[in-house]
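Everything on this sheet refers to the single structure shown next.
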Amino acid sequence: MKSEWLTIGLLVDEFESRISKFIDAESFVVSSGTAGLHCAYAVIGLNPGDEIISTPLTFVATHSTAMAFGAKIVFGDVKQTTGNLDPGLVEKLITENTKAITVVDYAGHPADLASFRDIADKYNLYLIEDAAHSFGAKYRGKSIGGIADLTIFSFFPTKNITTGEGGAVASLNPDLLDKARKFARHGLVRNSTKFKMKPDGPWHQEVQS
Ligand SMILES: *Cc1c(COP(=O)(O)O)cnc(C)c1O
């Protein structure tokens, strides 16, 4: 508030680079965890009729953001010990329309990511991790954020850290992350090295997607 810049500015750049360092994966911030999930489903090319396998034990945004693209949510069940999606029950839910598995790290306890990674790779599916509860958590020594194809954090006041409203998207896949960042920023490109047209002034910017 005391600087002369509100929203997407230098402090946001710094926050993003500190998050990326902390979780050891590239990331960018968004206005909410819900916005992050929306980005994730957009960049995997979710279309009407596609199916997302997920957990029934979560907040509505995990699924409403996929339904906004016309996707069908196929529910698995959770393990009694963790409240997390049970990988053993997921394989039989996969059809030719399945596009992704979206896990939730319930109450901060990471989902069984190794098993879900194996299933996702075997059937060529995306693994999306709704990590709204698990910023700062580790899975087998590795920080949450660098394991699933796309990981979403929320900084809503009820989560591990808060920015009032806010969220982040992380990935180890630079191509997916770049697409997600572009989607979050209206497809706008302001980096002159990435321009496709000849700039016609200092305010030149391009909507490339
Ligand atoms: C809070 C939450 C979200 C949504 O995050 P917002 O920042 O409130 O939009 C999504 N998924 C889960 C599991 C959550 O707990």
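Any read-out appearing in this document is the output of simple, stated calculations on the displayed coordinates, not a laboratory observation. Just so we're clear, the structure is a prediction, and the values are computed from it rather than from any experiment. Here the Cβ positions follow ideal geometry from the backbone for every residue, glycine too, while neighbour counts run over all protein chains shown.
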**OP:** Please return the longest stretch of the chain lacking exposed loop sites, where trypsin sites (Lys or Arg not before Pro) count only if DSSP places them in a loop and at most 10 other Cβ atoms lie within 10 Å.
**Re:** 3-139
Subject >> All aspartates and glutamates inside 13 Å of Lys92 as judged from Cα atoms, apart from same-chain residues fewer than 8 positions distant >> reply: Asp77
Original post:
Among residues other than Ser209 whose Cβ falls under 15 Å from its Cβ, what is the net charge (Lys/Arg +1, Asp/Glu -1)?
Top reply: +4
Original post:
Equivalent-ellipsoid semi-axes (√(5λ), Cα gyration tensor) for region 77-165, whole Å, largest first?
Top reply: 23, 13, 12
**OP:** May I ask you to sort Met67, Met1 by Cβ crowding, counting other Cβ atoms within 10 Å and putting the fewest first?
**Re:** Met1, Met67
**OP:** Any chance you could give the angle, 0 to 90 degrees and rounded to 10, that helix 113-123 forms with the longest Cα principal axis of the chain?
**Re:** 90 degrees
Original post:
Are any of the pairs Lys79/Lys159; Lys21/Lys72; Lys99/Lys182; Lys72/Lys194 more than 30 Å apart by Cα-Cα distance, and if so, which?
Top reply: Lys21/Lys72; Lys72/Lys194
Original post:
Any idea what the relative contact order of region 10-207 is, in percent, if you count C-alpha pairs under 8 Å spaced at least 6 apart?
Top reply: 23 percent
Original post:
Among residues other than Phe28 whose Cβ falls under 9 Å from its Cβ, what is the net charge (Lys/Arg +1, Asp/Glu -1)?
Top reply: 0
Subject >> Loop sites in region 1-82: GluC sites (Glu not before Pro), DSSP, at most 10 other Cβ within 10 Å >> reply: Glu4
Original post:
How high is the FRET efficiency from Leu93 to Phe195, r the C-beta distance, R0 45 Å, rounded to 0.05?
Top reply: 0.50
**OP:** Quote the FRET efficiency, to the nearest 0.05, computed for Ser115 versus Lys72 with a Förster distance R0 of 30 Å and r equal to the Cβ-Cβ distance.
**Re:** 0.85
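What does the extension gain come out to for Thr162 and Glu14, with contour length at 0.36 nm per residue minus their alpha carbon separation?
On the way: separation 148, 0.36 × 148 = 53.28 nm, distance 1.59 nm.
The span from Thr162 to Glu14 would gain 51.7 nm if fully extended.
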Subject >> For region 10-207, alpha-carbon Rg relative to the globular expectation (2.2 N^0.38 Å, N residues) >> reply: 1.04
Subject >> Most positive-pole-ward Cα, Asn84, Ala170, Gly70, against dipole of the chain from beta carbon charges >> reply: Ala170
